[in-house]
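Below you'll find the structure, written out as structure tokens, and then a few comments.
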Amino acid sequence: MKTHRSEKLIKAKKRVERIRGFYKHLTVYLIINILILVLKIYFLGFFGGSGIQNQGFIAWIEWNVIATPLLWGIGLAIHGIYVFGIKPDFLKKWEARKIQEYMENDQNDMENYR
């Protein structure tokens, strides 16, 4: 009974760590993307009056202001799906097979050392 309780505690701690990791990821995502937006507004506002001649550079900045949160947001969404347990069936089945495989390997290793 005691081992069952300790296993549950270990699982609960791991889940809390994964959730905390997701929220850290979300915090960094928000901070970095707000900084990018602020720097873009400041940069173009500062140099906009003097007229930047290189339109390609302005387009590059505009692209990064859009692409960074979009692409990173996709990664963040995948992270959230994984952490909060919204997994497709094929992924659940794969995880179950891998767990079973590792458990069998551990059992075989223990039998080989006896």
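Here are the numbers:
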item: Highest-fluctuation residue, ILE58, ILE78, ILE99 considered, GNM on the chain with Cα pairs under 10 Å; result: ILE99
item: Paramagnetic reach from LYS92 (point 7 Å along Cα→Cβ, amide N under 14 Å) across the stretch 70-85; result: 82, 84-85
item: Gain in span if fully extended, LEU35 to GLU7, counting 0.36 nm per residue against the direct Cα distance; result: 5.9 nm
item: Accessible-area composition of the chain, carbon plus sulfur, in percent [1.4 Å probe]; result: 67 percent
item: Rg/Rh ratio calculated on Cα atoms of the chain (Kirkwood radius); result: 1.27
item: 1.4 Å probe accessible area per residue over the chain, in Å²; result: 84 Å²
item: Phi to ³J(HN,Hα) by Karplus 6.51 cos²θ - 1.76 cosθ + 1.60 over the stretch 27-36, Hz, x for Gly, Pro; result: 4, 4, 4, 5, 4, 5, 6, 5, 4, 4
item: Cα-based shape type of the stretch 72-114, given that a ≥ b ≥ c are square roots of the gyration tensor eigenvalues and the cut on a/c is 1.5; result: prolate
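The values are calculated or read from the model by the stated rules, or taken from the named source; none is laboratory data. This is a predicted model, so every value here is computed, not measured. No Cβ is skipped: glycine too gets one built from the backbone with ideal geometry, and neighbour counts run over all protein chains shown. Ligands, DNA and RNA are stripped out before the accessible areas are found, and what is left, the full protein with its side chains, is counted by its heavy atoms. Shrake-Rupley method; radii C 1.70, N 1.55, O 1.52, S 1.80 Å.
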